[in-house]
Every structure is written in C-alpha cells, then in structure tokens.
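The values are calculated or read from the model by the stated rules, or taken from the named source; none is laboratory data. Just so it is clear, the model here is predicted, and its values are computed rather than measured. Cβ sites come from the backbone with ideal geometry, for glycine too, and all protein chains shown count toward neighbours.
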Amino acid sequence: MKKFLIFFILTFTLVVAIAACNPSSNNSTGDIIIASKDFTEQDILGELLAQQIEATTNLKVARRPRLGGSFVCHNAILAGKIDAYIEYTGTAFTGILKQKSLNNPKEVYEKLKQAYSQQFKLEVMPSLGFENTFAMVIRGEEAKKYNIQTLSQAAQYTPQWRGGFGYEFLERADGFPGLAKTYNLRFSKPPQIMDLGLIYRALIQKQVDMVAGNSTDGQIARLGLAVLKDDKKYFPPYEATPIVRQETLNKYPELRGAIAQLSGKISADEMRQLNYLVEGELRDIKEVVHDFRKTKGLASRKDVYFGFAQ
C-alpha cells in the first residue's frame, strides 16, 4: 500500500509539472508562447516581450507567466513547450552551463551565445540593456553629501559605517568575503546578518549604513536609495537577455527583428521604476508595459487596447 501511495504521489506530481509547461493546459493559444520566471520583474519582461511581438508582427502570443525558475524555463524551451523567455546571462552561464564565473560581460555573452546555439539550438538575443545583480546600497542623502557613486569611493567611509547583509551574501564565495577583499571594505563592527525583507527598512531607520540588495529592486527608487557602482567589476554580469528557439526564429523570420528592437531599451533605473510601479503602486502590468513602450517610441500600428492583443 505504501509503495502504491508513493507511486501515485510521484505520478501526480509529474503530471502537474508537465501540465504547467504544456500549451494545451492553458486556455490561451498563439503562434508564439512566451514564458517568464516566478517574480515581478519577470512578469514585466515577459509581458514586454509579448506586447512587442504583437505590436510589430501579425503573430499571436500566448503568455505563460510564473512558469518557474531557470531550470523549469530552460527545460520547457528545450522541450518545445515555450518559444522564448528572458534569462540573465550569469545565471545561464554558471547555473545552466555550469561554467566558472567570469566578470567580463562581453565574454560571458559570447560564450553563452555560442554554447546555447551548439548545445541547445537556442538563440541568445542582445541584452535588453540592464543587469540584475547584487547591489551595494546606501542612503541617498549620504551619497549626495559625500558625492559617493562607486564602491571604491565608499571604502573610505565604511570604517565609520555598519553593514547589514543576508546570510547567503555573507557566506557565498562571490559575496561579501571577496567583495571586502577587492575593495578593502572595513566596517565599524562585523556586519549584521539580516532578513532580506528588512534590509531597506533598517537602512532607512539608520540601524545600518550599507546593505546588499538586488540592483533592480523597486524599493530602491521608492525610498530614494543609492546603488554604488561596482567599478572594479567584482560581481559577475547578469544581463537580461531574450532566449529564443532557433526553430521558431526560422519559422517566423519577422520575430528576430521584433525582439531586436528591445535591445538596450531598459536601464537599471528604468527597471527599478517599472518594478516599483507594479509592486509599490499596484499598477496593472499590461498598462505599465504599454506606457513604457510608448515612452520608448515602440508603439506601432497595432497599438490597440493598451498595446496587447486579446
């Protein structure tokens, strides 16, 4: 009986997982299936990709938001269950390809592009223009008062500052230990281990003076915080990049040009603002994306009903 129960649970779990990646399990259908990973920024980027395709081609797009993490999306695109999604170069390079971290964005991109084409028949399109990586954040008032823009500049002030970081950042090899060595960062006392959900509150309340967040966190813009530039390029690049099946690009040649128009269109500051509009102001994602495309001059002849087809 126990063996049967285990078999039943495993079978049921497998069926659910397959259904999540199966186009037929979703009522919406289209020529192109766009997926996104399971957090707000990905919701926005997936919708941006979908609206861009719908507005510049005659192709219909089906959305698969919140499909899962990198491995789920990667396996889904390999299986032909989806046609495209947005990935981060460093994540793909170290997580999918299992390669040692590199700091040169161009080198990572070229190696990733070549490997994905040869191994997976996937096209790594040009970056959207920003990366989402670790970000060392301080209060905006201090950044302005002392004219601090980079981590190298901040190093002269950290002996009087207190640091607050998540446990993972303090422990991982590419986290605080290496960062402190690279920039010679010394704090007034050992950095506090903090819950990631509390780091910005602690910074604003002046319980700490520097925290490690994500470079495109929406709260950074909302709270008037400043991200210090990693001027020695310690952190690996995590550029947001469309991944598309080569078979799909061959079937629909117009798709390449449509997606390529998004190259370099989003800065880190703009991505932070988009995240804030959705998370902080609870704006509708489709309207936020529509408005953003319009400000970038991406609106087109198909700019009907907020720029997305039904």
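Would you please name the residue that is farthest from the chain's Cα centre (by Cα), looking only at residues in the stretch 198-219 that are small (Gly, Ala, Ser) and outside any strand (DSSP E or B)? Before the answer, list the steps.
Restricting attention to the stretch 198-219, the residues satisfying the condition of being small (Gly, Ala, Ser) are 202, 212-213, 215, 218.
Cutting the leftovers down to outside any strand (DSSP E or B) gives us 202, 215, 218.
Details: Ala202: 25, Ser215: 10, Gly218: 12 Å.
This residue is Ala202.
Note down all Cβ pairs under 6 Å where the first residue falls in the stretch 247-271 and is closer than 16 Å to Leu298 by Cα, the second is assigned to a helix (DSSP H, G or I) and of a type in the set (Ser, Thr, Tyr), and they're at least six residues apart or on different chains.
Qualifying pairs under 6 Å: Ala258/Thr56.
Go through the stretch 220-233 and report how many residues are of a type in the set (D, E, K, R) and either part of a strand (DSSP E or B) or on the phi > 0 side of the Ramachandran plot (or both).
Initial filter on the stretch 220-233 (of a type in the set (D, E, K, R)): 222, 229-233.
With either part of a strand (DSSP E or B) or on the phi > 0 side of the Ramachandran plot (or both) added as a condition, the list becomes 229, 233.
Total satisfying the criteria: 2.
Give just the number: which of (1) closer than 21 Å to Ala260 by Cβ; (2) touching a residue at least 60 places away in the same chain (Cβ under 8 Å); (3) of a type in the set (Phe, Trp, Tyr) does Phe120 not satisfy?
(2)
In the stretch 281-300, which residues are among the basic types (Lys, Arg) and touching a residue at least 40 places away in the same chain (Cβ under 8 Å)?
Applying the first criterion (among the basic types (Lys, Arg)) to the stretch 281-300 yields 283, 286, 293-294, 296.
The answer is Lys286, Arg293.
Residues checked against (1) under 25 Å from Tyr167 (Cβ atoms); (2) of a type in the set (Ser, Thr, Tyr):
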{"site": "Met210", "(1), (2)": "yes, no"}
{"site": "Ser215", "(1), (2)": "yes, yes"}
{"site": "Ala221", "(1), (2)": "no, no"}
{"site": "Asp231", "(1), (2)": "no, no"}
{"site": "Tyr234", "(1), (2)": "yes, yes"}
{"site": "Glu239", "(1), (2)": "no, no"}
{"site": "Ile243", "(1), (2)": "no, no"}
{"site": "Thr248", "(1), (2)": "no, yes"}
{"site": "Pro253", "(1), (2)": "no, no"}
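From the residues in the stretch 60-89 that are in contact with a helix residue (DSSP H, G or I) (Cβ under 6 Å, 6 or more places away or on another chain) and part of a loop (DSSP other than H, G, I, E, B), which one is surrounded by the most Cβ atoms within 10 Å (Cβ to Cβ)?
Out of the qualifying residues, it is Asp83.
Among the residues of the stretch 90-108, what is the count of those that are surrounded by 20 or more Cβ atoms within 10 Å (Cβ to Cβ) and at pLDDT 95 or above?
Adding up the residues that qualify gives 1.
Residue-by-condition table, conditions (1) touching a strand residue (DSSP E or B) at 6+ places or on another chain (Cβ under 7 Å); (2) on the phi < 0 side of the Ramachandran plot; (3) not in a loop (DSSP other than H, G, I, E, B):
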{"residue": "Phe235", "(1), (2), (3)": "yes, yes, no"}
{"residue": "Ile243", "(1), (2), (3)": "yes, yes, yes"}
{"residue": "Gly257", "(1), (2), (3)": "no, yes, yes"}
{"residue": "Ile266", "(1), (2), (3)": "no, yes, no"}
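Looking for whichever is free of Cβ contacts under 8 Å to residues at least 60 places away in the same chain, in contact with a Gly (Cβ under 9 Å, 6 or more places away or on another chain) and either of a type in the set (Val, Ile, Thr) or within 15 Å of Tyr238 (Cβ to Cβ) (or both) here; the options are Ser70, Ser101. Which one fits? Lay out the reasoning, then the answer.
Values: Ser101 fails: free of Cβ contacts under 8 Å to residues at least 60 places away in the same chain.
It is Ser70.
In this structure, does Tyr146 turn out to be hydroxyl-bearing (Ser, Thr, Tyr), crowded, with 19+ Cβ neighbours inside 10 Å and within 21 Å of Lys229 (Cβ to Cβ)? Full working, then the answer.
Numbers: hydroxyl-bearing (Ser, Thr, Tyr): yes; crowded, with 19+ Cβ neighbours inside 10 Å: no; within 21 Å of Lys229 (Cβ to Cβ): yes.
Answer is no for this residue.
Being of a type in the set (Val, Ile, Thr) and touching a Lys or Arg at 6+ places or on another chain (Cβ under 8 Å) is the filter here, so list the residues in the stretch 52-71 that pass it. Reasoning before the result, please.
Of the stretch 52-71, the ones of a type in the set (Val, Ile, Thr) are 53, 56-57, 61.
If the condition is that a residue be of a type in the set (Val, Ile, Thr) and touching a Lys or Arg at 6+ places or on another chain (Cβ under 8 Å), then Thr56 is the only one that fits.
Looking at Ile204, Ile193, Ile220, which is the one that is β-branched (Val, Ile, Thr) and buried (at least 21 other Cβ atoms within 10 Å of the Cβ)? Explain how you work it out, then say what you get.
On the way: Ile204 fails: buried (at least 21 other Cβ atoms within 10 Å of the Cβ); Ile193 fails: buried (at least 21 other Cβ atoms within 10 Å of the Cβ).
Of Ile204, Ile193, Ile220, the one residue that is β-branched (Val, Ile, Thr) and buried (at least 21 other Cβ atoms within 10 Å of the Cβ) is Ile220.
Might you let me know whether the stretch 136-143 holds any residue that is farther than 26 Å from Asp38 by Cα, hydrophobic (A, V, I, L, M, F, W, C) and at pLDDT 95 or above?
Yes, the stretch 136-143 has at least one match.
For Thr133, which of the numbered conditions (1) more than 23 Å from Leu67 (Cβ to Cβ); (2) β-branched (Val, Ile, Thr); (3) at pLDDT below 95 fails to hold?
All conditions are met except number (1).
Only one of Ser28, Ser36 is over 24 Å from the mean Cα position of the chain (by Cα), at pLDDT 50 or above, among the small types (Gly, Ala, Ser) and closer than 29 Å to Met271 by Cβ; which? Spell out the reasoning first.
On the way: Ser36 fails: over 24 Å from the mean Cα position of the chain (by Cα).
Answer to the check: Ser28.
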